1. Might you let me know whether region 86-102 holds any residue that is in a strand (DSSP E or B), of a type in the set (Phe, Trp, Tyr) and modelled with pLDDT under 95?
2. Of all residues being closer than 22 Å to residue 141 by Cα and of a type in the set (Val, Ile, Thr) in region 64-105, which is nearest to the chain's Cα centre (by Cα)? Just the residue, please.
3. Within region 128-165, can you find the residues that are of a type in the set (A, V, I, L, M) and at pLDDT 90 or above?
4. Can you tell me which residues in region 103-127 are part of a strand (DSSP E or B) and of a type in the set (S, T, N, Q)?
5. Among the candidates 157, 162, single out the residue that is part of a loop (DSSP other than H, G, I, E, B), over 19 Å from the mean Cα position of the chain (by Cα) and exposed (fewer than 13 other Cβ atoms within 10 Å of the Cβ).
6. Condition first: closer than 19 Å to residue 56 by Cβ and without any contact (Cβ under 8 Å) to a residue 24 or more places away in the chain. Now tell me which residues in region 101-117 satisfy that.
7. What are the residues in region 21-51 that are modelled with pLDDT of 85 or more, assigned to a helix (DSSP H, G or I) and in contact with a Ser or Thr (Cβ under 9 Å, 6 or more places away or on another chain), if any?
8. Within region 88-108, is there a residue that is farther than 21 Å from residue 156 by Cα and touching a Phe, Trp or Tyr at 6+ places or on another chain (Cβ under 9 Å)?
Amino acid sequence: MCWHLTDPGSLIFNNAFFFGRGWITTASFLVERAGADFVTGYQMFNRQPEKEALWERIRVEEAPNAPSRMGSMYLFESEADADEAMTSWFATQTRIKLQVLALSPPVTTLFRADSNWLNHSKGEWEEAACQYWRGMMSSDPKVELLAHGRVFLPGWGHPPFGPMMPVPRS
């Protein structure tokens, strides 16, 4: 079982409930298989497009069969990792933690990487991206899983899943 952190206003709640009966297909998979023009919130609102473009170029060179960071679903291996990310990465944001079942290929392709490589300065990006896509772990790894394909959300039949409701802003 893996974990995903999502915004309370995410369409994941509506889509898993009404359309997929718990199943979600990643944007990267829809683009690959259907030529669809889907993007994720991360793709739309990414604050470092130059960095992600470099990471994508290196992925194609180093790990062409690995899922792209753009369009993949980000998962955590353990609930503890998700909780840590909730407090360190999303400390000023509201996130909901969801259990996710990622199946074996060909249903789901997972790539395991150390997100610490993303913290390097611009002059080190290329080497850091190589290490990331080679699956190298730092001395204190912050593991993220990139999911490509279909995943199952076991809690889909219970709140917060269901009709998308307006999210109160504070």
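The values are calculated or read from the model by the stated rules, or taken from the named source; none is laboratory data. A quick note: this is a predicted structure, and the numbers were derived from the prediction, not measured. Note that we place each Cβ from the backbone using ideal geometry, even for glycine, and neighbour counts take in every protein chain shown.
1. no
2. Once the filter is applied, the top-ranked residue is 100.
3. 128, 129, 136, 137, 143, 145, 146, 147, 151, 153
4. Within region 103-127, 108, 109 meet the criteria.
5. Details: 162 fails: exposed (fewer than 13 other Cβ atoms within 10 Å of the Cβ).
Of the residues listed, the single one that is part of a loop (DSSP other than H, G, I, E, B), over 19 Å from the mean Cα position of the chain (by Cα) and exposed (fewer than 13 other Cβ atoms within 10 Å of the Cβ) is 157.
6. If the condition is that a residue be closer than 19 Å to residue 56 by Cβ and without any contact (Cβ under 8 Å) to a residue 24 or more places away in the chain, then 117 is the only one that fits.
7. If the condition is that a residue be modelled with pLDDT of 85 or more, assigned to a helix (DSSP H, G or I) and in contact with a Ser or Thr (Cβ under 9 Å, 6 or more places away or on another chain), then 29 is the only one that fits.
8. no
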